[in-house]
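The values are calculated or read from the model by the stated rules, or taken from the named source; none is laboratory data. Being a predicted model, the structure only gives us computed values, none of them experimental. Heads up, the Cβs are rebuilt from the backbone with ideal geometry, glycines too, and the neighbour counts pull from every protein chain shown.
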């Protein structure tokens, strides 16, 4: 009986499939893929940082959005089958030239699958060079489109110092190392003028090339736009600079006509947000408090990872002084040394990308970071991705990586050293204040502010600087010797280059974005399934607050920056020039503490400003 049942079920199993494929069987209907019904809206009207901020448990990401997070939102939209198009709403965002290049690359990723619509109320050269990569550009009626080129200034304080009876006394290694000229001269040296000439020429050429490629026009057309310079939105449309003059409401109607009246608009597409909190539920508050207190404890991941370590801002020695009411800017040696040693020791971190967005700073801190980077390199692939600027100390920490990526308009190079001081003795005498020196040791007053260097002190300082400069050049030779297209002395000496020029010289290996560097690092490590880990993880505002209230922090009172005494009220009157003065004062603060710097000169590239109506 049991044998019969088995045979019966076997026969039935064989019979049923036969019915399914018989003459009368109907083929399974194919389900159509859902039609895209969403327009992803990404606003670019706030500051964008190079380094990721913290995920705040109360307010989401409290810091400005990080460039990589922004790029990932574009990539997500490109791959999302529900997204029919991406709309970029442009505003004041402080986007750097290197950041702009990476954003254009993100546009291209989207455009390979769906259109990118860009809309702005006003546009100037830098913003237009980015948005020219969009599929369609529109500007609000009567909006300004000012494509005037690039304009920059260098800062020289010698005239002010002479009025104040302050004597600047600086030494440099390299005839093109012009950082000290800010304090020593009233205008650029012949070498500095030559260097800025080739730098601006290449940045301008790259911008024009971006516009020509994005708008599918020839170089002569772009030159014509720039020579005219000032366009209303209506004139810009007639000239081919933009595709439409429309309000945002008009753009909405355009999108509905293109993708259907029922299309949905996602105004925060891909953006991180804080948790939903039910304030009527007392347990929700307890849960939130537990999240706040436990937020600093990272979960141990078991996945392979590519770590991204950010060196962002001026390079300084030691630890930053953190406050929730004004975070400390810059890249400090202690947290970065610790972060690099951690990723070197972590077996789950298979490769490391060093994202450098720094004009340099302390020579000692640069060496500490460079040595920590070499410890990483001895254990796993170390790749550098350069942001807007990776020069002087920023290049120092980069030059021995396995591979270096830069953007075409990245400012890099500046292989040189500067040191000096401001002698303020005559200034104080002028207002009737006198200081009497008491000295033990022939060189004990070498960095005293009362008087300039003596001849013996200058010789001693120059010899010390030459030694530091020699170490810098040796790092470059260790990492780049087989790549250099000419002798190092012909590209060192403080010379500054764009990323495109640096590629031709062999100072970098490839033009590409942070995403390109991460992908290359993963390939070198032979990993395909991996996570991206930012190290060190940024702390949120509450974590900073608790640390700031600790007994140790109460003892460590923040020092009063020299900047706080320098006419802060002028910020609102002339922010462009005051930011340059602020940079110069930061350099003096560093010089007071470090004596020897690897830093860029103070200069700014400014776009035309839109007039107030």
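For the stretch 390-414, the set of residues classified as more than 18 Å from the chain's Cα centre (by Cα) and modelled with pLDDT under 95 consists of 414 only.
Looking at the stretch 381-489, the helices (runs of 4 or more DSSP H) lying wholly inside it that each contain 3 or more residues that are in contact with a strand residue (DSSP E or B) (Cβ under 6 Å, 6 or more places away or on another chain) sit at 393-396, 455-480. Is it true that some residue in the stretch 416-431 is closer than 30 Å to residue 357 by Cα, in contact with a helix residue (DSSP H, G or I) (Cβ under 6 Å, 6 or more places away or on another chain) and at pLDDT below 95? Checked the stretch 416-431: at least one residue is closer than 30 Å to residue 357 by Cα, in contact with a helix residue (DSSP H, G or I) (Cβ under 6 Å, 6 or more places away or on another chain) and at pLDDT below 95.
Hey, does the stretch 144-162 have a residue that's touching a helix residue (DSSP H, G or I) at 6+ places or on another chain (Cβ under 9 Å), closer than 28 Å to residue 264 by Cα and assigned by TED's automatic domain parsing to the domain that holds residue 235? Within the stretch 144-162, none of the residues are touching a helix residue (DSSP H, G or I) at 6+ places or on another chain (Cβ under 9 Å), closer than 28 Å to residue 264 by Cα and assigned by TED's automatic domain parsing to the domain that holds residue 235. Scan the stretch 57-67 and give yes if some residue there is over 28 Å from residue 261 (Cα atoms), outside any loop (DSSP other than H, G, I, E, B), at pLDDT below 50 and out of contact with any strand residue (DSSP E or B) (no Cβ under 8 Å at 6 or more places or on another chain), otherwise no. Checked the stretch 57-67: no residue is over 28 Å from residue 261 (Cα atoms), outside any loop (DSSP other than H, G, I, E, B), at pLDDT below 50 and out of contact with any strand residue (DSSP E or B) (no Cβ under 8 Å at 6 or more places or on another chain). Scanning the stretch 367-381 for residues that are crowded, with 24+ Cβ neighbours inside 10 Å and in contact (Cβ under 8 Å) with a residue 40 or more places away in the chain returns a single hit, 369.
I need the full set of residues from the stretch 337-356 which are in a strand (DSSP E or B) and more than 12 Å from residue 308 (Cβ to Cβ), in order please.
Within the stretch 337-356, just 350 meets the criteria.
Rundown of residues vs (1) at pLDDT 75 or above; (2) part of a loop (DSSP other than H, G, I, E, B); (3) loosely packed, with under 14 Cβ neighbours inside 10 Å, yes/no style:
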{"site": "507", "(1), (2), (3)": "yes, yes, no"}
{"site": "515", "(1), (2), (3)": "yes, no, no"}
{"site": "518", "(1), (2), (3)": "yes, no, no"}
{"site": "527", "(1), (2), (3)": "yes, yes, no"}
{"site": "582", "(1), (2), (3)": "no, no, no"}
{"site": "588", "(1), (2), (3)": "no, no, no"}
{"site": "592", "(1), (2), (3)": "no, no, yes"}
{"site": "597", "(1), (2), (3)": "no, no, no"}
{"site": "601", "(1), (2), (3)": "no, yes, no"}
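In summary, residue 270 fulfils each of the numbered conditions (1) touching a strand residue (DSSP E or B) at 6+ places or on another chain (Cβ under 8 Å); (2) modelled with pLDDT of 95 or more with the single exception of condition (2). Among the helices (runs of 4 or more DSSP H) confined to the stretch 187-277, the ones with at least 1 residues that are over 18 Å from residue 87 (Cβ atoms) and more than 25 Å from the chain's Cα centre (by Cα) are located at 190-215, 219-228, 233-239.
Within the stretch 107-122, the only residue that satisfies the criterion of being more than 20 Å from residue 212 (Cβ to Cβ), in a helix (DSSP H, G or I) and in contact with a strand residue (DSSP E or B) (Cβ under 9 Å, 6 or more places away or on another chain) is 110. Here the helices (runs of 4 or more DSSP H) wholly within the stretch 123-185 that include at least 2 residues being modelled with pLDDT of 90 or more and over 27 Å from residue 388 (Cβ atoms) are 158-163.
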